[in-house]
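Working notes for the structure below.
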Amino acid sequence: MNAPTISHISCADCPIRHRAVCARCESDELEALDAIKYYRSYEAGQPIIWSGDVMNFVGSVVSGIATLTQTMEDGRTQMVGLLLPSDFVGRPGRDGAAYNVVATTDVVMCCFRKKPFEDLMASTPHIAHRLLEMTLDELDAAREWMLVLGRKTAREKIASLLTIIARRDASLTPRGAVNEMTFDLPLTREAMADYLGLTLETVSRQMSALKKDGVIALEGKRRVSVPDMGRLFEEAGDDSDGGYMS
């Protein structure tokens, strides 16, 4: 399957406009960003950047999902994060990539040439402030994920991952407060196992158990329906009103 291609999207029509690094920008600032942006498409399984490589661009995921992985000295690879639509790739002011970034599904990215983007950050507080917000959100998510991996049961881990994906999907297609949700699961069972530190058999067993108990419904391998989001949050061991990936 070929990766999706795209030549240009108006910033006003961009599906991640209200969550991306440009979310706070005024019209003149959007025009400045538009002048340095371009799109890249990646097929599922294709690397976007390898750890240590020089990055000459930064950008946002427009569609699809990518993984952040780190390779240890003995060659083992550990998934350390997910990049979902609107997430930012790259670090202004840093030449090299800190992690491997690989497309899990077909991915489209809105990219900016790195040096012009850094110059624009210096003159456009809206961009710098939004990037700071996103960085702090990422830090909060990483801390919460440490709790998921270190303290939660296998069932709670699966439910936690499902709440993350469900809430992000809802944030990209605002529809008011809803208690029932349907979304596409962008990860294979194998990728879920890797990310959660579980075996494939455990992931499959827990997904089946959540289905049997009526917490979720499955249509094929990837389509997930949640009849009661409140119950899913309870299964995740999260009694707040929305978790950590809003």
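The values are calculated or read from the model by the stated rules, or taken from the named source; none is laboratory data. All values derive from a computational prediction rather than experimental measurement. Every residue, glycine as well, gets a Cβ built from its backbone with ideal geometry; the counts of neighbours run over all protein chains shown. Each accessible area value is taken on the protein alone, full model and side chains, heavy atoms only, with ligands, DNA and RNA left out. Shrake-Rupley method; radii C 1.70, N 1.55, O 1.52, S 1.80 Å.
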Where Met146 falls short, out of the listed (1) outside any helix (DSSP H, G or I); (2) closer than 19 Å to Ala191 by Cα; (3) open to solvent by 80 Å² or more (accessible area, probe 1.4 Å)
(1)
Tally up the residues in the range 188-202 that are assigned to a loop (DSSP other than H, G, I, E, B) and in contact with a helix residue (DSSP H, G or I) (Cβ under 8 Å, 6 or more places away or on another chain), please.
3
Output the number of residues of the range 198-213 satisfying the condition of being in contact (Cβ under 8 Å) with a residue 12 or more places away in the chain and more than 14 Å from Arg155 (Cβ to Cβ).
0
If I filter the range 152-169 for residues that are outside any helix (DSSP H, G or I) and either farther than 30 Å from Asp34 by Cα or small (Gly, Ala, Ser) (or both), do I get at least one hit?
yes
Screening Ala32, Ala44, Ala3, Ala20 for residues that are within 20 Å of the chain's Cα centre (by Cα), of a type in the set (Gly, Ala, Ser), at pLDDT 85 or above and open to solvent by less than 50 Å² (accessible area, probe 1.4 Å) leaves only Ala20
Output the number of residues of the range 113-143 satisfying the condition of being within 24 Å of Tyr38 (Cβ to Cβ), open to solvent by less than 50 Å² (accessible area, probe 1.4 Å) and either touching a residue at least 60 places away in the same chain (Cβ under 8 Å) or touching a Leu at 6+ places or on another chain (Cβ under 6 Å) (or both).
8
Only listed residue being surrounded by fewer than 18 Cβ atoms within 10 Å (Cβ to Cβ), modelled with pLDDT under 90 and out of contact with any Phe, Trp or Tyr (no Cβ under 8 Å at 6 or more places or on another chain), chosen from Ser208, Ser204, Ser240, Ser246:
Ser246
Take the residues in the range 52-63 that are open to solvent by 20 Å² or more (accessible area, probe 1.4 Å) and more than 18 Å from the chain's Cα centre (by Cα); name whichever of them is modelled with the lowest pLDDT.
Gly52
Among what's in the range 64-87 and is surrounded by fewer than 19 Cβ atoms within 10 Å (Cβ to Cβ) and of a type in the set (Gly, Ala, Ser), pick the residue that is nearest to the chain's Cα centre (by Cα).
Gly81
